[in-house]
Amino acid sequence: MPRRKRLHCLLAALAVIILMLLTTACVTTRTEFVHHVPAVVFPVFPPPDCVVYNEDTDTVSMPLWYWRKIAEYKIDVDAIAEYLKKIREAGETK
């Protein structure tokens with residue numbers, strides 16, 4: 001009988017130790033990411049031949065495909081800038 005009681009105590013202690021190790025391993029394991037911050041430079045777009053500046057109305061007319069390329073690039077640059085801002089803020093809070 002005392003042998004069985006000792007075995008149960010050892011098994012319980014072993015279970016407690018294993019559970020404590022599992023919980024502390026999950027809490028203390030963190031992956032640190034090193035982010036390379038690229039320099040975002042606005043590219044030089046070749047001006048299409050059909051871009052027209054109207055001095056009377058102070059407007060520029062350009063093809064829709066060209067305007068879309070510029071707008072897509074601006075959206076991408078803003079998204080990257082926001083992402084890098086969040087990375088910097090997360091790095092400052094650590």
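Simple spin-label model, 7 Å along Cα-to-Cβ: residue 78 to residue 8 in nm?
6.8 nm
So, counting K/R as plus one and D/E as minus one, what does the shell of residues with Cβ under 12 Å around residue 75 add up to? Show your work: numbers first, answer last.
Values: positive: 68, 69, 74; negative: 72, 76, 78, 82.
Within the 12 Å Cβ shell, the charges total -1.
Only the coordinates and a few stated rules stand behind these numbers; no lab work does. None of the values given here were measured: they were computed from a predicted structure. In this analysis, Cβ positions are derived from the backbone assuming ideal geometry, glycine residues included, and neighbour counts consider all displayed protein chains.
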